[in-house]
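Undergrad: Following this message is one structure expressed as structure tokens.
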Amino acid sequence: MRTAAELRFVIDFDVIDTRAFRSAVAEAVAVSRDEPGTLLYDWYIDEAGAKARLYEAYESAAAIQAHAEGPVFTEIGPRLFESSRVAHIDAYGDPEVMKIAEILGPVTLWGEPFEAPSL
């Protein structure tokens, strides 16, 4: 069920080393599935292995902070960012909270939905 407090990111990557990138992503997924407050953490890669997309959602600002301070960034992140570059980030949710994404690359802050169904 969707809540008003949900915070989402769509992050596009240019992949430099597909093999190393896939390895780092697999480790990040293994860690993220156990992080409290992580609602989605889905990765996609194009057929050529040159472009990738991460679609992630968190239930709160505290969950994003925990993710940013955890092993995905501190241990796995360096290898992920050696094998790829952030091309663009779309951030959805409270603009003040979502500014955290600016440390990774160019961001479009979309804010809260102005219209959404109640689920």
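Undergrad: In the P(r) worked out for region 20-64, what percent of Cα pairs fall beyond 15 Å?
TA: 46 percent
Undergrad: Further question on the same structure: Just the projected area, averaged over all directions, of the convex hull on the alpha carbon atoms of the chain: how many nm²?
TA: 7.3 nm²
Undergrad: So for region 7-111, averaging the separation of alpha carbon pairs under 8 Å that are six or more residues apart and normalising by length, what relative contact order in percent results?
TA: Computed value for region 7-111: 37 percent relative contact order.
Undergrad: Let me ask something additional. Pull up the DSSP beta bridges for the chain and report the antiparallel fraction as a percent, rounded to 5.
TA: Numbers: 23 of 27 bridges.
So the antiparallel bridges in the chain amount to around 85 percent.
Undergrad: Sticking with this one: Taking amide H positions as placed in the peptide plane 1.01 Å from N, state which residues far from Gly105 in sequence (5 or more) or on other chains have amide H under 5 Å from it.
TA: none
Undergrad: Give me Arg85, Arg8, Arg33 sorted ascending by neighbouring Cβ count inside 10 Å, so fewest comes first. Walk me through the numbers before you get to the answer.
TA: On the way: Arg85 13, Arg8 16, Arg33 9.
Going from sparsest to densest Cβ surroundings: Arg33, Arg85, Arg8.
Undergrad: About the Cα centre of the chain, what is the dipole size in debye to 20, counting +1 per Lys and Arg Cβ and -1 per Asp and Glu Cβ, all else neutral?
TA: Its charge dipole is roughly 260 debye.
Undergrad: Picking from Ser60, Val10, Leu39, whose Cα lies most toward the positive end of the charge dipole for region 7-111 (charges on Cβ: Lys, Arg +1; Asp, Glu -1)?
TA: Toward the positive end, the furthest listed residue is Val10.
Just so you know, all these numbers are worked out from the coordinates, no wet-lab data involved. Not measured: the values here are computed from a predicted model. Cβ coordinates were reconstructed from backbone atoms using ideal geometry, including for glycine residues, and neighbour counts include every protein chain displayed.
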